[in-house]
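As structure tokens, the structure follows; a few thoughts come after it.
The values are calculated or read from the model by the stated rules, or taken from the named source; none is laboratory data. Quantities reported herein were computed from a predicted structural model and do not represent experimental measurements. Methodologically, a virtual Cβ is constructed for each residue, glycine included, from the backbone with ideal geometry; neighbour enumeration extends over all protein chains shown.
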Amino acid sequence: MAEQNHYDVIIIGTGAGGGTLAHRLAPSGKRILLLERGDWLPRELENWSSHAVFVEFRYQAHETWYGEDGREFHPGINYYVGGNTKFYGAALFRLRERDFGEIRHHDGVSPAWPLSYDDFAPYYGQAEELYQVHGHRGEDPTDPPGDPYRYPAVTHEPRIQQLHDDLERVGLHPYHVPVGVRLDEQDGRILHSSHCIRCPTFDGFPCLVRGKADAQVIAVEPALEHQNVELLTGAYVSRLQTSDSGREIAGVVVEREGNEERYSADIVVSSCGAINSALLLLRSGSDRHPEGLANSSGLVGRNYMRHNNAAFMAVSKQPNPTRFQKTLGFNDFYFDSGDDFGFPLGAVQMLGKSDEEMIRGEAPDWAIWKPRMALDEIARHAVDFWLTTEDLPNPDNRVCHGQDGRVELHLRESNAEPAARLRAKLHGLLEQLDFHPHHLLPRSLYLGKKIPLGGTAHQCGTTVFGADPATSVLDLDCRTHDVDNLYVVDGGFFPSAGAVNPALTIMANALRVGERILERLG
Ligand SMILES: Cc1cc2nc3c(=O)[nH]c(=O)nc-3n(C[C@H](O)[C@H](O)[C@H](O)COP(=O)(O)OP(=O)(O)OC[C@H]3O[C@@H](n4cnc5c(N)ncnc54)[C@H](O)[C@@H]3O)c2cc1C
Ligand code: SF4
């Protein structure tokens, strides 16, 4: 292979994992190649159009995948420089300390991680600093220990502050959601130096003014300022090839502009997202790796998790003129339902504010409201919540290539009962506050499709890490047990998912693995 096509490190994928890793490795002076199947996300007015983003799905990948029963669906997935962080809500949480241990749930056990919270804590701190997380440490009683956030919490707007006060009044512990945002404000006033203008199009939209702390803006672009780092966009990695021994990656095969290209590196890192990294390994099988690359455990693609997520809109009696709504959450039922049930229920946080356009898309489901309130009036009074219950790893929940190479995603839900109880808790609470009765309306547009299988936003678990090669794909450094120079740094390594959003843990882990890779490169 031509020497110019050989690198010290190749990173496949530029999202939360790959982008952050590139940022960590860039100052080393090592020759680094980033391979990204997507392009730069176009900066255009449609970035902030609800219709373009949530009705036309302008930026979503045009892919058709299949469920176990053969039913087709379109995954809510995005291929761009920066990966899914271009669209994320940037709620950047540490897993709770107890999430690293075994936890008994209604439907089974959430397994312990092979490393502890203390192993991750320093990297969480680095990731929070890098992604400019604004928060208030310790306000949430489930918060793990750590230094105060460098950036102050994003202030609540008046309606959300009122909700905060009401929740406190009924004995709960609302907190400020930690958000990765390039925001400078004083007493709720945006300063001239701020990139973010606190607009209503945060959650699920790309940011037109580079205010969101996404992997493109925070990690990839600064990495590319180093002359030793190169990026190829539109570079779809179709296969990884091994040496004759099967112990090293000898070639990375790329489809780009209709041609096939081949690159190599001393170290190859897959960070395609939990689903696409598993698919890449599975389609890179060979005589030495008959069940797929690095799959001697048989676990590649299995134990897929994605959280039991649900979006709800409540209709408040008062108007809700909030613009930036994702500032409040409460975890009072995270580990314990607080009643006879006794099992964990999960997390509640606010979602981006719904508008008339989004509500129109969902209106057929909400016939009960239509005679009473016009859609624009519902939108004016809407308050939006995001509920997350932990789902459990199950080897039968898997992603794989089916007939003719099509992508199949097999999923049997777990912890449906706690998820329903969390919703009932919220319903009961709103009953006591200032909301209409019958007020919790399911919102599915946020996930991009009404088909639940398509909600892949929090994908993780498909290349689990662990000390034992028989029960894990990756070792504790996220290097594959079977192939010496192959690492995976996306969400695939999670042994269990907790019930907080995954991106900060993926970023922190990428910084941790980056340190190991730098030690190895010398
Ligand atoms: C609408 C939405 C809202 C979200 N909100 C939050 C939130 O508030 N907080 C939070 O913590 N998380 C949130 N998430 C989840 C978060 O975005 C993901 O957990 C995170 O981006 C995953 O990081 P990753 O590195 O595993 O994968 P990604 O960020 O998806 O990056 C994978 C990259 O690999 C590229 N790629 C894939 N296959 C190939 C291939 N074969 N060749 C080359 N390149 C390839 C992709 O194009 C992509 O750039 C949200 C996600 C969505 C979609
Ligand atoms: S709220 Fe801020 S970061 Fe989010 S889209 Fe608007 S300007 Fe960008």
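Being part of a loop (DSSP other than H, G, I, E, B), of a type outside the set (Gly, Ala, Ser) and either away from ligand 1 (no atom under 16 Å from the Cβ) or out of contact with any helix residue (DSSP H, G or I) (no Cβ under 8 Å at 6 or more places or on another chain) (or both), is that true of even one residue in segment 229-241? Scanning segment 229-241 turns up at least one residue that is part of a loop (DSSP other than H, G, I, E, B), of a type outside the set (Gly, Ala, Ser) and either away from ligand 1 (no atom under 16 Å from the Cβ) or out of contact with any helix residue (DSSP H, G or I) (no Cβ under 8 Å at 6 or more places or on another chain) (or both). Number of residues in segment 162-212 that are of a type in the set (Val, Ile, Thr) and more than 14 Å from ligand 2 (Cβ to nearest atom) equals 1.
Answer yes or no as to whether Ser245 is more than 11 Å from ligand 1 (Cβ to nearest atom), assigned to a strand (DSSP E or B), hydroxyl-bearing (Ser, Thr, Tyr) and closer than 30 Å to Arg283 by Cα. No; evaluated as a whole, the condition is false for this residue. Checked against (1) of a type outside the set (S, T, N, Q); (2) out of contact with any strand residue (DSSP E or B) (no Cβ under 9 Å at 6 or more places or on another chain); (3) not in a loop (DSSP other than H, G, I, E, B), Asp482 passes all but a single condition, namely (3). Sub-6 Å Cβ pairs linking a first residue in segment 291-309 that is more than 20 Å from Gly108 (Cβ to Cβ) and without any contact (Cβ under 8 Å) to a residue 24 or more places away in the chain to a second residue that is among the hydrophobic types (A, V, I, L, M, F, W, C) and in a loop (DSSP other than H, G, I, E, B), at least 6 apart or interchain, are Gly292/Val300, ordered by first then second residue. No other residue among Leu25, Leu33, Leu41 is of a type outside the set (Phe, Trp, Tyr) and part of a helix (DSSP H, G or I) apart from Leu25. Annotation note: of Thr456, Thr462, the sole residue that is buried (at least 20 other Cβ atoms within 10 Å of the Cβ), modelled with pLDDT of 95 or more and hydroxyl-bearing (Ser, Thr, Tyr) is Thr462. Scanning segment 209-228 for residues that are more than 15 Å from ligand 1 (Cβ to nearest atom) and over 20 Å from the mean Cα position of the chain (by Cα) gives Val209, Pro222, Glu225, His226, Gln227, Asn228.
Any residue at all in segment 162-180 that's out of contact with any Ser or Thr (no Cβ under 6 Å at 6 or more places or on another chain) and closer than 26 Å to Ala52 by Cβ? Checked against the condition, which is being out of contact with any Ser or Thr (no Cβ under 6 Å at 6 or more places or on another chain) and closer than 26 Å to Ala52 by Cβ, segment 162-180 yields at least one hit. Before we move on, is Asp118 out of contact with any helix residue (DSSP H, G or I) (no Cβ under 7 Å at 6 or more places or on another chain), surrounded by fewer than 22 Cβ atoms within 10 Å (Cβ to Cβ) and assigned to a helix (DSSP H, G or I)? Here the answer is yes, as Asp118 does meet what is asked.
Mind listing whichever residues of segment 121-145 are assigned to a loop (DSSP other than H, G, I, E, B) and either aromatic (Phe, Trp, Tyr) or surrounded by fewer than 17 Cβ atoms within 10 Å (Cβ to Cβ) (or both)? Spell out the reasoning first.
Looking only at segment 121-145, we keep the residues that are assigned to a loop (DSSP other than H, G, I, E, B), and these are 131-132, 136-145.
Once the filter is applied, which keeps residues that are assigned to a loop (DSSP other than H, G, I, E, B) and either aromatic (Phe, Trp, Tyr) or surrounded by fewer than 17 Cβ atoms within 10 Å (Cβ to Cβ) (or both), segment 121-145 yields Tyr131, His136, Gly138, Glu139, Pro141, Pro145.
Against the list (1) part of a loop (DSSP other than H, G, I, E, B); (2) out of contact with any Gly (no Cβ under 7 Å at 6 or more places or on another chain), the condition Thr505 fails is (1). Residue count for segment 325-348 satisfying the condition of being polar (S, T, N, Q) and surrounded by fewer than 23 Cβ atoms within 10 Å (Cβ to Cβ): 1.
Working only within segment 208-228, note down all residues that are of a type in the set (Val, Ile, Thr) and more than 19 Å from Gly17 (Cα to Cα). Scanning segment 208-228 gives a single hit, Val209.
The set of residues from segment 146-164 being over 23 Å from the mean Cα position of the chain (by Cα) and in a loop (DSSP other than H, G, I, E, B) comprises Asp147, Pro148, Thr155, His156, Glu157. When both residues are 6+ apart or on different chains and their Cβ atoms are under 8 Å apart, which pairs have a first residue that lies in segment 176-203 and is at positive phi, and a second that is within 9 Å of ligand 2 (Cβ to nearest atom) and assigned to a loop (DSSP other than H, G, I, E, B)? Cβ pairs passing all conditions: Arg198/Leu183; Arg198/Arg323; Arg198/Phe324.
For segment 44-62, enumerate the residues that are assigned to a helix (DSSP H, G or I) and acidic (Asp, Glu).
Selection gives Glu46 alone.
If you go through segment 1-24 and pick out every residue that is of a type in the set (Val, Ile, Thr) and either more than 20 Å from the chain's Cα centre (by Cα) or more than 26 Å from Gln132 (Cα to Cα) (or both), you end up with 2. Residue check: Asn295 meets all listed conditions (1) of a type outside the set (Val, Ile, Thr); (2) touching a His at 6+ places or on another chain (Cβ under 7 Å); (3) surrounded by fewer than 21 Cβ atoms within 10 Å (Cβ to Cβ) but one, namely (3).
Pairs meeting the criteria (first residue in segment 382-401 and farther than 30 Å from Val315 by Cα, second residue surrounded by fewer than 24 Cβ atoms within 10 Å (Cβ to Cβ) and hydroxyl-bearing (Ser, Thr, Tyr), beta carbons under 9 Å, at least 6 apart or on different chains) are Leu392/Ser414; Pro393/Ser414; Asn394/Ser414; Asn397/Ser414. Just one of the listed residues (Pro42, Pro27) is more than 17 Å from the chain's Cα centre (by Cα), more than 30 Å from Asp396 (Cβ to Cβ), surrounded by fewer than 19 Cβ atoms within 10 Å (Cβ to Cβ) and more than 16 Å from ligand 2 (Cβ to nearest atom), and it is Pro27.
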